[in-house]
Structures are given as structure tokens and as C-alpha cells.
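What follows is a set of notes on a single structure, which appears directly below.
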């Protein structure tokens, strides 16, 4: 199969492309050419790289035509954030490809109402990201129903892995939370620390795309959650991190308004986004229909990430 991956050098693409190469696909990696993959670099000797600036090419109305000109059997779109972008690509590829896969997000559901949340659960997102991703999902699945467009939508949780900071037990990216837990210092969590996080390793997301391609007869016209098998609470997560360093978590809890008064604007924005969603998504559908078998629990993937950061002197903590 000739497979085009749009957003090839990002978190997911870095893990996905080696999987596709191992399956025997001819892979064309499309990116802006401003970054390099940070894993399995030798694999990229087998990849045809194409540099395209999606935003600029879409403004010219030719991005879809350029993707179609690559003559793919499969297109995997990891960086679509607007319905108009999806429409542009679908119109250019209609009748020309065997499978189109889109990367969505658990944020399409908005705040969890019933847990575990399944794919057909209520979708009432908030914020631009979740709302735009829901519009894309609805458009693509409608194209599948009405016109037979061969689409699959995958909705990851908080993507994690070696090379970057995972969402921490306070629901943001402040590395000091990890460092304080590692050294026995107090960590303040919002409310009672009972909001949930549901990470997913980038390689497990890559596995989901791989399996959706392998089981495409089952995945056509479907949306799937992709996440760690279980969600974790902020307080449980904090206790686990402290234990890796031989410490007992010293936790304090403050109501939201009091907690955010001591935080940066960025921390407040990220934490609110995560605790307001408080996801707990079921992955049973993906397990049943495309044989998704996650390799990582939340704690396994976070520990791997922290060990990487420590080895590369990006975290002041010693395992």
C-alpha cells in the first residue's frame, strides 16, 4: 500500500511510520520540514519525504491536489484542526483512495457525564479545539454514511512518551510538580484532587492507526477512543510519582479559585482544560473491532517520560 502520513514528524508520526514500514507500506511523510523524528531515525531512510506547508497550500486551494498527486492508497491525517481543512482534502481525494484516517481527540465529548464514556456518549465540547474536532468528526462520518467515503476517526487522550513533558498530577506541564514530588516537597492540587486524567502513549496511538488500517473493513465509518486502559485521579497520580523516588506525597488541596491564585496563566488554562473534562473513556470498542492492545498504563508511560527527561538533564530528579 502507498500511504501518505500528513504531520509525519510529530509525536504520533514518529512512532507510526516505523510500524507502517514494517508492514511493507511505501510511506510518504508530509511535513513542513521544520522538525525531525526523534525515534527510529534509521527507518526514515525508507520514507519518501515531502515538504508542504499545509496552511499556505490550503490558502492557495491546492493542498488537497498536491496530496492526491502523490497517488496514495491510504491517507493518514494527523494535523487537521478545522472542518474546512477536512472538506478540502476529502473533495480532492474522493474516489481516489482506499482509506482515510483522521486524528481527533477525546475532547469531542466535553465534560464526562457518564463513565466510562463510550464513543456514542454525549458530545458537548467546549473551547475551540474540542468544538472544531467535533465538527470534523461529524463531517467525516457523514461523508462515510452518505457517500461511502472510507474514513476512520481515532480519538486519543493526553499523548505522552519519551521526548516531552507529560501532563502532570496538577493537570498542566509544569515540571516543578514532578520535582517537588521527587524531593518530598508539598504539592498543592485543585479541589480534592479527584479530577481524572487519561494519558495515552504515542506508540499506542500509532498502534491504533496501524490496526485501523489492518482491520479497515471493521474500521470504515467508525470512531474509536484511544487511551490508556484506565484513567487516574490527580491525587492517585501524585502518590504514584512520589513513590518512584522513595517518597510519600505531601499533598494539599485548595478550592479552584484559591488554587489558581498562585499559578501562572498558562498553568491555570491547562489545568482547567484537563479537570473540566476529567476524562474516563472506554477503549472496549477499539479492542473489539480493531484489536487495539495498549502496551502502556498511564504510570508506565509517565515514568518512561520522566526517566528520559532526567537522563537528558531536563528534570531535576534522580531515579
Among residues of region 130-140, those that are farther than 23 Å from residue 61 by Cα and either assigned to a loop (DSSP other than H, G, I, E, B) or in contact (Cβ under 8 Å) with a residue 24 or more places away in the chain (or both), counted: 2
Search result, residues across region 273-297 that are free of Cβ contacts under 8 Å to residues at least 24 places away in the same chain and either surrounded by 15 or more Cβ atoms within 10 Å (Cβ to Cβ) or under 24 Å from residue 190 (Cβ atoms) (or both): 287
Residue count, region 240-272 (criterion: loosely packed, with under 15 Cβ neighbours inside 10 Å, outside any helix (DSSP H, G or I) and either without any contact (Cβ under 8 Å) to a residue 40 or more places away in the chain or out of contact with any strand residue (DSSP E or B) (no Cβ under 6 Å at 6 or more places or on another chain) (or both)): 6
Test: residue in region 207-222 that is without any contact (Cβ under 8 Å) to a residue 40 or more places away in the chain, in a helix (DSSP H, G or I), farther than 25 Å from residue 110 by Cβ and not assigned by TED's automatic domain parsing to the domain that holds residue 240: yes
Check on residue 171, assigned to a loop (DSSP other than H, G, I, E, B) and under 30 Å from residue 25 (Cβ atoms): no
From 220, 299, 253, residue being closer than 27 Å to residue 99 by Cα and modelled with pLDDT of 95 or more: 220
Of the criteria (1) in contact with a strand residue (DSSP E or B) (Cβ under 8 Å, 6 or more places away or on another chain); (2) under 23 Å from residue 72 (Cβ atoms); (3) part of a helix (DSSP H, G or I), which one residue 181 fails: (2)
Residues of region 189-217 classified as farther than 20 Å from residue 284 by Cβ and either modelled with pLDDT under 95 or surrounded by fewer than 17 Cβ atoms within 10 Å (Cβ to Cβ) (or both), total: 3
Meets criteria (in a loop (DSSP other than H, G, I, E, B) and under 16 Å from residue 247 (Cβ atoms)) for residue 193: no
Selection within region 273-299 - in a helix (DSSP H, G or I) and out of contact with any strand residue (DSSP E or B) (no Cβ under 8 Å at 6 or more places or on another chain): 273, 276, 277, 284, 287, 288
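The values are calculated or read from the model by the stated rules, or taken from the named source; none is laboratory data. All values reported here derive from a predicted model rather than from experimental measurement. Heads up, the Cβs are rebuilt from the backbone with ideal geometry, glycines too, and the neighbour counts pull from every protein chain shown.
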